[in-house]
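Input: a single structure, listed below in structure tokens.
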Amino acid sequence: MEPKNLLDYLMLIPDPRVDRTRRHELADIIFIALAAVLCGAEGWTQVEEFGKAGKQWLASFLKLPNGIPSHDTFGRVFAALAPDALEAALQAFVRDFAGESAGRHVAIDGKTLRRSFDRAAEQSAIHMVSAWACEQGVCFGQVKVADKSNEITAIPNLLSRLNLKGAAVTIDAMGCQKAIAHQIVEGGGDYVLAVKGNQGALHEEVSEFFDDFLQGRLHADVERLHRVEKDHGRIEERTVWVSRDVDWLRDAEQWAGLAGIVAVQSVRTVDGRTTRERRHYIFSGAFGVDQAADLIRRHWSIENELHWVLDVAFNEDQCRVRSENAAENFSRLRRFALSLLKQDAKAKVGIQGRRLKAAWDKNYLLRLLGL
């Protein structure tokens with residue numbers, strides 16, 4: 001049967017419990033947890049209290065064969081639930097709700113769930129890598145970085161779950177890898193990758209090229225863009241240079257689709273103190289200086305509109321949910337909830353205000369949940 005609403009998608013998730021322990025429907029458990037997170041819940045006890053307070057309302061569309069599950073039941077189920085199965089169901093709904101990642105600007109970046117470490121269980125803090133559609137404010141997927149690994153191994157896994165056709169993918173220096181560039185181009189997308197010390201020879205070559213150009217030792221065809229921004233006593237001058245002359249790079253042919261290099265210089269003056277920074281990037285595709293500048297600038301929305309909001313509005317860094325898969329699954333609920341809240345174009349309040357409105361107005365909550 002073709003899923004029609006969020007509950008239909010949740011019903012597709014395999015139940016990790018044995019039959020004799022299934023006193024509550026899995027879809028009911030996940031739906032209550034998600035609705036509770038939308039309304040401000042930060043742990044299983046609060047999820048249970050949300051369920052109890054809205055039991056009559058929830059019973060109008062959920063089965064609830066044995067009432068509202070206890071907080072221990074929520075904890076046990078989410079600890080056992082396969083995170084990838086939950087992610088697959090939520091992302092299938094997102095694709096119907098907000099469209100595919102194809103043709104979007106997708107920023108890739110990671111974030112550590114700081115309170116997810118557990119000394120007693122010898123469990124280190126969980127690190128998640130997310131794909132964020134910058135213009136739409138939608139999380140198109142996330143994966144956990146494997147223990148004793150890093151983002152380099154997680155990013156290809158995440159990219160494999162996205163429709164990259166026509167997408168512009170931006171990643172910080174950790175993702176500046178030949179295999180990752182090849183995967184993006186092979187998938188029909190283009191990339192803008194930050195270049196730093198982890199690609200020492202490449203970084204040195206690109207940096208020296210712009211040094212020589214800016215100091216007049218090299219004549220090259222370079223596009224330039226200069227912008228000045230003023231806000232609350234801060235002045236920032238940003239200059240972007242783009243060169244499509246890359247044949248001279250030592251390993252140019254090893255970077256799939258390599259089309260150009262970028263330098264971005266930022267001069268910030270705050271309270272009379274001036275700092276200067278220059279960053280470098282490589283890119284594929286036909287981006288001009290304006291497009292490259294916008295993609296690089298907009299990449300940081302994953303920090304400002306996803307990671308920062310998760311900490312401030314969802315209090316993610318203080319969440320102590322940590323048993324087995326529970327922390328990872330709760331993280332996925334938070335990101336999915338944020339994506340739903342971001343889609344409310346009519347709201348005149350911030351994310352925290354929208355969460356309060358969802359708690360107070362059940363019609364608004366149902367609209368967010370697509371019911």
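The values are calculated or read from the model by the stated rules, or taken from the named source; none is laboratory data. A quick note: this is a predicted structure, and the numbers were derived from the prediction, not measured. For neighbour counting, all protein chains shown are included, and Cβ atoms are generated from backbone atoms with ideal geometry for every residue, glycine included. The area values use the complete protein model at the heavy-atom level, side chains included, leaving out ligands, DNA and RNA. Shrake-Rupley method; radii C 1.70, N 1.55, O 1.52, S 1.80 Å.
The Cα-based radius of gyration and maximum Cα-Cα distance (Dmax) for region 284-371 are 16.4, 48 Å.
Mind counting lysine pairs for me in region 142-291? Cα separation below 23 Å, and the two need to be 8 or more apart along the chain or on different chains. Before the final figure, lay out the partial values.
Details: Lys144/Lys178; Lys148/Lys178; Lys148/Lys196; Lys165/Lys178; Lys178/Lys196.
Counting lysine pairs in region 142-291 gives 5.
Within straight-line reach of Lys348, meaning a Cα separation under 17 Å, sit the following lysines at least 8 residues removed in sequence or on another chain: Lys357. The distance linking region 141-170 with region 297-371 is 21 Å (Cα centroid to Cα centroid, whole angstrom). Within region 250-298, the percentage of alpha carbon pairs spaced more than 15 angstrom apart rounds to 55%.
Let's see if you can work this out: charge +1 on each Lys and Arg Cβ, -1 on each Asp and Glu Cβ, no other charges. What is the dipole magnitude of region 1-74 about its Cα centre, in debye to the nearest 20? It would help to have the intermediate numbers written out before the result.
On the way: 8 positive and 10 negative charges, 45 e Å.
For region 1-74, the charge dipole is close to 220 debye.
For region 255-348, the Cβ-based charge dipole about the Cα centre amounts to some 140 debye (Lys, Arg positive; Asp, Glu negative; other atoms uncharged).
Over region 1-56, what is the mean sequence separation of C-alpha contacts under 8 Å (at least six apart), divided by residue count, expressed as relative contact order in percent?
Numbers: 21 pairs, mean separation 14.5, N = 56.
Relative contact order, region 1-56: 26 percent.
I need the calculated FRET efficiency for the pair Asp84 and Asp317, taking r as the beta carbon distance and R₀ as 22 Å, to the nearest 0.05. Each step should come with its number before you reach the end.
Working: r = 24 Å, r/R0 = 1.09.
The computed FRET efficiency comes out at 0.35.
Using a Gaussian network model of the chain in which every pair of alpha carbons under 10 angstrom is joined by a spring, one finds that among Val228, Val262, Val47 the greatest mean-square fluctuation is at Val228.
Quarter the surface of the alpha carbon convex hull of region 131-217 and you get the mean projected area, 7.2 square nanometres.
Taking label positions 7 Å along the Cα-Cβ direction at both Leu356 and Arg217, the computed distance is 5.9 nm, reported to one decimal. Take every Cα-Cα pair in region 218-371 and report what % of them are more than 19 Å apart. Within region 218-371, distances greater than 19 Å cover 69 percent of Cα pairs. Each residue, Ala59 and Asp290, gets one label point 7 Å from its Cα in the Cβ direction; the gap between the two is 6.0 nm. Annotation for Glu49 and Asp344: the two label points, set 7 Å from Cα along the Cα-Cβ direction, are 2.1 nm apart. Rg/Rh for the chain (Cα atoms only, Rh after Kirkwood) is 1.03. Ligands, DNA and RNA left out, the 1.4 Å accessible surface of region 246-357 is 46% carbon and sulfur atoms.
Taking only protein heavy atoms into account and a 1.4 Å probe, give the accessible area per residue of the chain in Å².
Numbers: 17390 Å² over 371 residues.
Solvent-accessible surface per residue comes out at 47 Å².
A DSSP coil position with no more than 15 other Cβ atoms inside 10 Å describes the following chymotrypsin sites (Phe, Trp or Tyr not before Pro) in region 45-78: Phe61.
For Arg22 and Ala179, FRET efficiency with R0 = 30 Å and r from the beta-carbon atoms, rounded to 0.05? Approximately 0.10, to the nearest 0.05.
Give, as a single signed number, the net charge of other residues whose beta carbon lies under 11 Å from the beta carbon of Ala80, with Lys and Arg counted +1 and Asp and Glu -1. So the surrounding residues net to 0.
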